[in-house]
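Readers should treat all values here as calculations from the given coordinates under stated rules, not as data from a laboratory. Computed from a predicted model, the values in this text were never measured in an experiment. All Cβ positions, glycine included, derive from the backbone under ideal geometry; neighbour counts span all protein chains shown.
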Amino acid sequence: MKVLLSWLREFVEVPVEPARLAADLTLAGLAVDAVEPRGSDTLLDLDITTNRVDCMNVYGVAREVSVLYRVPLRPPETSFAASGPAASGALTVAIDAPDLCPRFSAGVFDVEVGPAPAWIRDRLEAVGVRSISNVVDVTNYVMLELGQPTHAFDLALVPGGRLAARWARDGERLKTLDGEDRALGGTVGVVASGDTSLALAGIMGGAASEVSEATRAIALEAAYWKPLAIRRAARSLGMHTEASHRFERGADPEAPPIAIARIAHLLKAIGAGTARPGLVEARTSGAEGRSVSMRPGRLRVVLGADVPEAEWRRILGGLGFGVAAGGHEGVAVEIPSWRGDVNREIDVVEEIARHHGLDKIPSTIPAARIPGGLKTWQRRERALAASLVGAGLSEVVHYAFVSESEASAIPGPRAALENPLSEEQAVLRNSLVVPGLLDALRRNLRKGRRDVGLFEIGRVFLPGQARPVEELRLGIVLAGAAGSPHWSGKSRPLDFFDAKGIVEHALRRLGVVGLEWRAAAQDAFLHPGRAATVARGQQILGYAGSVHPEVAAAFELRDGAVVAEIGIEALLREEPRAVRVHPLPRFPAVSRDVSVVWDAAATAERIESQVRDAAGPLLRSVAVTDRYEGPPVPDGKVSLTLGLAFQHDERTLTGNEVQEAVDRVMEKLRSMGAEIRGE
Amino acid sequence: MPQSLDDLKRRVRELRNEFEEAMGGASDAGSLQAVRDRFLGRKAGGLTALLKSLQGLATDARREAGQELNALKTELESQMQRAHERFEESRRARALQRERVDVTLPGRSPAAGRRHPLAQVRMRLEDIFVGMGYEVFDGPEVDDDYHCFEALNMPPDHPARDMQDTFYLKGKRDLLLRTHTSTGQIRYMLANPHPPLVRIICPGKCYRRDEPDLTHSPMFHQIEALVVGPGITLGDLKGTIETFLHALFGPQQPVRFRSSFFPYTEPSVEVDLGCIACGGSGCRVCKGTGWLEIMGSGMVHPAVFEAVNRRLGRVVYDPDEVTGFAFGLGIERVAILLHDVGDIRLFYESDLRFLEQFPG
């Protein structure tokens, strides 16, 4: 909201420079965004918080200034001389909808419509309001000055001289001042004359009763509209006006007669019109005096500092609160009608705090009563991320929204947004990999990157009973070559086993071992021959695999990519096993290699488990250490080297013992159809 | 054959001269071996021959001559040993020289990843608060109207809801993407209905229906803090916020508190940091004010405690017994200020050229 300093000065002396005024208002809660010189004047641009509708006008700001600098507030001039027949002879008003309008005040004016004088036009234009005519300009002027929106009807165009506040009827239409022909409904309030609606209550006037140069008399409406009614109506109509902005935040129910008097004074002063005697008014209830009890001791409890009684009494008095004499149990504080935002003791405390000055409250640190710290799962999440960073992957963060077609890569229902920003962001992601990480990879490849390793730790949203299930996952994508390119040799292209190795490496950091890798082809976006389900016992953790060539093509990944996605929520929450140190082996291990030719289709896991069964208790480990397919190994066969390690805790193994175990292994393998090489 | 001691001594002199001449010409292990064969060889060595010739001398002369020859032998051997060591050393040196590399060639770096800058800033913030005795609490990103608005003193149709344009879930109008991590206040207090000593931060993702541009993103990250207990004051709010902003931006950075409005705090306090770009003199970053808005804060509104008590069915957080403060700040905002990031969208675009500028 823009305020001219000269206008402000009509109501209060400003004893400081504009910059200082701006800073002081800002600290007191009326943020001044800009201070612009305007000739000899100054324009302040204030960002008034939604609760302070009382400061969305010059006089309200002046009140704050008067408290800030302990200078008197001068009320606006509202005296005027009425003449002619009684207003009530020409106009009657009624409230047909008390839930819309508790107070409807009006006046009748004989007017001579013409241009407004320059000083009014200049002020309006300075704060961004277009000048229309002397009558309309004065109503706008008073709204900006006192905060009460009013509306002038051409009295001759008000059928029967009757105005009533009521809800619009279904099917009713109204052409508003902006030229729009609007369909109304039961949630929109109107000012009407019988069946004819003339204006949108608290939002905008109607074209049919608009003041024009032909207007000789006006009915001036100044009402108090219920905030919620105006808010809903404005929202349903998609409208936002200076009037609705104020009414929906709660205007001052006592302001209507004052605004009418101020308008009467100004119309007279500029020779634009004369009020007819009398206020025409309907009101559903009398003025409600609101008060709240404040315990002065709460100031210290909430603020941590004492505010002298004389100081808080001065502040409240200056802001228009009525403060009774009173003791420590509680002081009755009467709330001014324009402070709809103040309802309880704490609101009064805030008023005192902001004018006493937050800078006067000493800074303290609360005593620690409980030890802080990261929870186990939070530490483990950090450790997991650190191990991935150590493995050369960089972390990314993506939006949680994807398009419907992107989400359809993962079968099953998904959670969608009611009001997405666009179709591309209409669905909550159900995977970190598709499209998120693949898309991130594509963007980096487009920028000329070749070797890319990325990970994200974040939530996916899966359909649930009452609400979507949020599952914390780790997703990774790798593409290009292993290691950084180097002059010393050729790099190796990344493949499935890099993804597998990184998953194992990262989960090992969490103490999660004994993973099972089951060939799986259920995910359509993965290569059917190069994908695995990652499990631990009965628990499916996720998947890893090469991206299906067609999907890779769709993402412009010319050399493909390998990905993995693991649910980590439960893993992070596992308590890490306490480390109990094993005694170091005192006797040496013996290593032996066995080379076999085996069916290419058989899995390494199967052969290893056969070896384990046959070897007996001395075997400490077995692993495939070399693998070869191609001539001279026959088609459909594969040559494998198995590295076996034997050890005994309490003695050195003899050559015979080891040889016996190896013999058992070889016999077992032979019995299963393997050919032992090097025999 | 020497016939006399004198004769022998002459031969020894001649032999020594010959030896020294031969050694002078020996330049490597091979030629050294030839010298050894010539003078000390078992069959044809010059000294060996002289030793054999001792048998022709008288006993006394033989003893003296023997000593002389042995001394000569020791001397020749030790000279050859020294030469041998010299030649070995230079051979090894040459071998090492052949193994030399060009140390200016590029090194072989292990691939190095990066944590996301927002994660790095989040951890920094977490560590500061953990050091001050806070716990880290987390809540769901899909939340409901109650936790996001109603319990935070924003009943339906409250104008303050306009401040946060909300994404709703299709077909479930009560469900939404949380617009702030203040939901954590409600969720923590409801989950901890015991003597109210609360000291938490809640970091997490938030969502608002803003079109992405230089300074807006429909998804962003916040950290909410909540401290509740007997005797918690606005002074505590100020001291805590100053302490943490100084830990983050340096102890010289001015901090200012100004009255503001949030429905769930009263008094509400906006916190400004002296502009880190211009030091407070006014610049483009701070729009000439010398101050940067950094976070919203305030004393927990009694209505929030009352809402929690209503849901708990008993008075646990009695507004007459306990007070509290809360604040929330944007992690992106901090990262942008700390690292001079010109476009908030860079955080979500996964461009390694951006991400790799943040070590660690």
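List of remarks:
- For region B:37-79, trypsin sites (Lys or Arg not before Pro) are listed when DSSP marks them as loop and at most 14 other Cβ atoms sit within 10 Å of their Cβ; the list is B:Arg42, B:Lys43.
- Calculated on alpha-carbon atoms, Rg and Dmax of region A:194-262 in Å: 13.1, 36
- Once the Cβ-Cβ distance of A:Asp359 and A:Arg70 is raised to the sixth power relative to R0 = 22 Å, the FRET efficiency obtained is 0.80.
- Relative compactness, region B:301-360, computed as alpha-carbon Rg over 2.2 N^0.38 Å: 1.96
- Backbone N within region B:77-93 under 16 Å of label point (7 Å from B:Thr48 Cα along the Cβ vector): B:77
- Loop-located GluC sites (Glu not before Pro) in region A:225-318 (DSSP state not H, G, I, E or B) with no more than 15 neighbouring Cβ atoms inside 10 Å: A:Glu254, A:Glu288.
- Whole-angstrom gap from region B:99-145 to region B:273-299, using each part's C-alpha centre: 27
- Close amide-amide hydrogen proximity is noted between B:Gly288 and B:Cys283, each under 5 Å apart and 5 or more residues distant or on a separate chain (H modeled in the peptide plane; Pro and chain starts excluded).
- Region A:387-449 and region A:124-143: distance between their alpha carbon centers, rounded to Å: 52
- Distant-in-sequence amide H partners of A:Ala223 (H built 1.01 Å from N, under 5 Å): A:Ser105
- Counting other Cβ atoms within 10 Å as a rough exposure proxy, the listed residues B:Ile200, B:Ile128, A:Ile263 run B:Ile128, B:Ile200, A:Ile263 from fewest neighbours to most.
- Trypsin sites (Lys or Arg not before Pro) within region A:510-581: DSSP coil, no more than 14 neighbouring Cβ in 10 Å: A:Arg558, A:Arg577, A:Arg580
- More than 21 Å apart - percent of Cα-Cα pairs taken over region A:468-606: 58
- The mean number of Cβ atoms from other chains found within 10 Å of a Cβ in peptide B:266-275 is 4, as a whole number.
- Test item: Cα-centred dipole of chain A, Lys/Arg +1 and Asp/Glu -1 on Cβ, debye: 1300
- Of the three principal axes defined by the Cα atoms of region B:247-360, the extents in descending order read 54, 35, 23 Å.
- Percent of C-alpha pairs per 5 Å bin in region A:340-422, short distances first: 3, 8, 9, 7, 8, 9, 11, 10, 14, 10, 8, 3, 0.
- Once the mean of 1/r is taken over each pair of separate Cα atoms and inverted, region B:1-154 shows a Kirkwood hydrodynamic radius of 23.5 Å.
- Shape summary of region B:3-43, radius of gyration then Dmax from alpha carbon positions: 12.1, 37 Å.
- From the C-alpha gyration tensor of region B:99-163, square roots of 5λ in Å: 50, 16, 10
- Rough spin-label spacing in nm, given labels placed 7 Å along Cα→Cβ, for B:Asp102 and A:Glu213: 9.1
- Pairs of alpha carbons in region A:262-396 separated by more than 21 Å make up 66% of all such pairs.
- Per the Kirkwood formula applied to alpha carbons, region B:41-100 shows a radius of gyration over Rh ratio, Rg over Rh, of 1.30.
- Where the Cα pairs of chain B fall when distances are cut into 10 Å bins, in %: 5, 18, 20, 12, 5, 3, 3, 5, 7, 8, 8, 5, 2, 0
- Calculated over region A:102-249, the projected area of the Cα convex hull averaged across directions stands at 8.2 nm².
- Set A:Lys175/B:Lys170; A:Lys375/B:Lys205; B:Lys9/B:Lys43; B:Lys9/B:Lys73; A:Lys360/B:Lys205 screened for pairs whose C-alpha atoms are more than 24 Å apart: A:Lys175/B:Lys170; A:Lys360/B:Lys205
- The string of couplings for region B:61-73 from the Karplus curve (6.51, -1.76, 1.60, θ = phi - 60°) is 4, 5, 4, 5, 5, x, 4, 4, 5, 4, 4, 5, 4 Hz, one whole number per residue in order, with x for Gly and Pro.
- Rough spin-label spacing in nm, given labels placed 7 Å along Cα→Cβ, for A:Ala623 and A:Glu424: 4.5
- Among A:Phe401, A:Gly630, A:Ala554 the positive-end extreme of the charge dipole of chain A (Cβ point charges): A:Gly630
- Translational diffusion coefficient of region A:1-53 (Stokes-Einstein, Kirkwood radius from Cα pairs, 20 °C, 1.002 mPa s): 190 µm²/s.
- With N counted as the residues of region A:38-117, its alpha-carbon radius of gyration over 2.2 N^0.38 Å works out to 1.62.
- Packing-based exposure ordering (other Cβ within 10 Å, fewest first) of B:Met189, A:Met666: A:Met666, B:Met189
- With a Förster radius of 51 Å applied to the beta-carbon distance between B:Arg86 and A:Val513, the computed FRET efficiency rounds to 0.30.
- Ranked for footprinting exposure by Cβ neighbours inside 10 Å, fewest first, A:Trp225, A:Trp167 give A:Trp167, A:Trp225.
- Cα-based shape type of region B:190-262, given that a ≥ b ≥ c are square roots of the gyration tensor eigenvalues and the cut on a/c is 1.5: oblate
- Given R0 = 35 Å, the distance between the Cβ atoms of A:Asp181 and B:Asp210 translates into a calculated FRET efficiency of 0.60.
- In angstrom, the C-alpha Rg and Dmax of region A:534-679 are 20.4, 60.
- The share of alpha-carbon pairs in region A:46-175 lying farther apart than 25 Å comes to 44%.
- Cα centroid separation, region A:237-274 to region A:577-616: 89 Å.
- Over all orientations, chain A has a Cα convex hull whose mean projected area works out to 47.1 square nanometres.
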